[in-house]
Amino acid sequence: MSLAAYCIICCRRIGASTPPPQSTTYWRDINYQYRIIAQACDLRTLIGLARSKESDLRFFLPPPPLPSLNEDTCIEEELRQLLASLPQTELDECIQYFTSLALSESSQSLAAQKGGLWCFGGNGLPYAESFGEVPSATVEMFCLEALVKHSEIPTHCDEIEANGGLQLLQRLYQLHKDCPKIQRNIMRIIGNMALNEHLHSTIVHSGWVSILAEAMKSPRIMEASHAARTLANLDRETMREKYQDGVYVLHPQYRTSQPIKADVLFIHGLMGAAFKTWRQQDNEQLLTEKILEDDARYTTCWPKTWLARDCPALRIISVEYDTSLSDWRTRCPMERKSIAFRSDELLRKLRAAGVGDRPVIWVSHSMGGLLVKKMLLEASKKPEMSTVINNTRGIIFYSVPHHGSHLAEYSVNIRYLLFPSLEVKELSKDSPALKTLQDDFLEFAKDKNFQVLNFVETLPTYIGSMIKLHVVPVESADLGIGDLIPVDVDHLNICKPKKKDAFLYQRTLQFICETLAKDLED
């Protein structure tokens, strides 16, 4: 529904006449009129306005005053108390781990326990040389990580709400405007709570919609996408899909009259991320010219900007999941997630988001391609997932190690340094599971006549100053069907075009448009 239509609805609800076009008398005190409309809006109208691209933030009342903190406690202690109020029994090992860290440790010891290898955020590989230092950490961050895990359990969401969590998280969100990571974790919690429809009224009345509406307009793609996920989960008037933790719609993030005719899904690889994996290749000239705001020349997420602009009839989704190169870097030491486990988890989340209801193209980097193969094979065995298979049109693989990676061999040879994680071990060339996956998928893809495009790096990847490694050689990236295109970049940059008219992006765009040509015409 258009913004003008919302204004008309609101005016009717407060008994006012519809303002004539270009009226100057009606809007004489425009801020007052906005406030009157804001007060008249019900839950559905507020959410609709927040998901309307041209809506004015004055349509939203400021959040109600937050309750005063107890004089004897600080916000850190309030977070601990909220966490301690949640059920502590029948939890999986990782929730227990995060909860015990947050409740029992000081900031200093928490930071020490989070030590080990640093990693490129979203770049994909760790600095193997950084043993002398550990990243800083705070009790607030550990409490939030624990709350994210708890918020995946519906009954725990009820407890978070009943114990004042919505207000406490709002206070923390406002206090940490300069810390996007804390704000993103808070958004994850609210987004998970929004999956429970009986909590929608409380979420709205606590003032979160105005905060989400403002975040939606942020130039920071991650902030806007987290807000868009939460608002989509709140919008039961126009949305059937539900977006679980780690599933983000990059386009369209607002309500739109543009019909969506197909889905394109982006699946990152080992140590990747839903947004940073798909950014433009770093370019010092662009950075120094300070034109970051011009997303036609530089973008921090090319599917969100370039692809959405070139193909507006697509729904573009990017997923995020935790991975680790080394057991020293595993976020939860008890967590040993195989490719089979992750593929089942992601497939369930994507189906809840409506994937399979329309034509689909999968775009994957590195280990993400193995997950795509496993997801499609598993979906073919489940009648309730048949639409995912029937609507899959094509797959793009960016340097996917179909036949194993030198990274696995290297990690095993220096296991005293890296202690390779389960994900890395599964990439070994002599892995029986990897060979079975390749053989089964190749036969399956040929039978289904999937369109396939394979890119592969030709340059080695530098890991810190100690390691130089060709992660996926050409022979390993050869699926056995589809075009195989070598590109003179390393493993990290194989999915990061230098600019919009670069071959990597233009060939990707060509494949998507040609594969979906009939679907986009209908």
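General observations
- Residue selected from the stretch 456-482 under the condition touching a Leu at 6+ places or on another chain (Cβ under 7 Å) and in a strand (DSSP E or B), by the criterion surrounded by the fewest Cβ atoms within 10 Å (Cβ to Cβ): Leu469
- Taking the criterion of being β-branched (Val, Ile, Thr) and at pLDDT 95 or above, the residues of the stretch 222-255 that qualify are Thr230, Val247, Val249.
- Ile189 within 16 Å of the chain's Cα centre (by Cα) and surrounded by 15 or more Cβ atoms within 10 Å (Cβ to Cβ): yes
- Hey, Ile485 of a type in the set (Val, Ile, Thr) and either assigned to a strand (DSSP E or B) or within 20 Å of Trp278 (Cα to Cα) (or both) or not: yes
- Restricting Thr387, Thr458, Thr436 to residues that are hydroxyl-bearing (Ser, Thr, Tyr) and modelled with pLDDT under 95 narrows the list to Thr436.
- The residue that is farthest from the chain's Cα centre (by Cα), among those in the stretch 384-405 that are over 14 Å from Val355 (Cβ atoms) and hydroxyl-bearing (Ser, Thr, Tyr), is Ser405.
- Tally, over the stretch 227-261, of residues that are buried (at least 23 other Cβ atoms within 10 Å of the Cβ) and of a type in the set (Phe, Trp, Tyr): 2
- Within the stretch 438-455, one or more residues are part of a loop (DSSP other than H, G, I, E, B), surrounded by 14 or more Cβ atoms within 10 Å (Cβ to Cβ) and out of contact with any Phe, Trp or Tyr (no Cβ under 6 Å at 6 or more places or on another chain).
- Of all residues in the stretch 357-385, those that are touching a helix residue (DSSP H, G or I) at 6+ places or on another chain (Cβ under 7 Å), assigned to a helix (DSSP H, G or I) and more than 20 Å from Leu516 (Cβ to Cβ) total 8.
- Taking first residues from the stretch 140-157 that are touching a residue at least 60 places away in the same chain (Cβ under 8 Å) and closer than 17 Å to Gly246 by Cβ and partners that are in a helix (DSSP H, G or I) and basic (Lys, Arg), the Cβ contacts under 6 Å between residues at least 6 apart in sequence or on separate chains come to Val148/Arg188.
- Within the stretch 373-392, one or more residues are touching a strand residue (DSSP E or B) at 6+ places or on another chain (Cβ under 9 Å), surrounded by fewer than 21 Cβ atoms within 10 Å (Cβ to Cβ) and touching a residue at least 24 places away in the same chain (Cβ under 8 Å).
- Yes/no for Lys496 being in a helix (DSSP H, G or I) and not aliphatic (A, V, I, L, M): no
- Scan of the stretch 187-202 for residues that are assigned to a helix (DSSP H, G or I) and under 13 Å from Ala162 (Cβ atoms), ordered by number: Met193, His198, Leu199, Thr202
- Count - residues of the stretch 302-317 that are touching a residue at least 40 places away in the same chain (Cβ under 8 Å) and farther than 21 Å from Ile494 by Cβ: 6
The values are calculated or read from the model by the stated rules, or taken from the named source; none is laboratory data. In this text, all values refer to a predicted model and were calculated from it rather than measured experimentally. Counting neighbours? That spans all protein chains shown, and the Cβs are built from the backbone with ideal geometry, glycine included.
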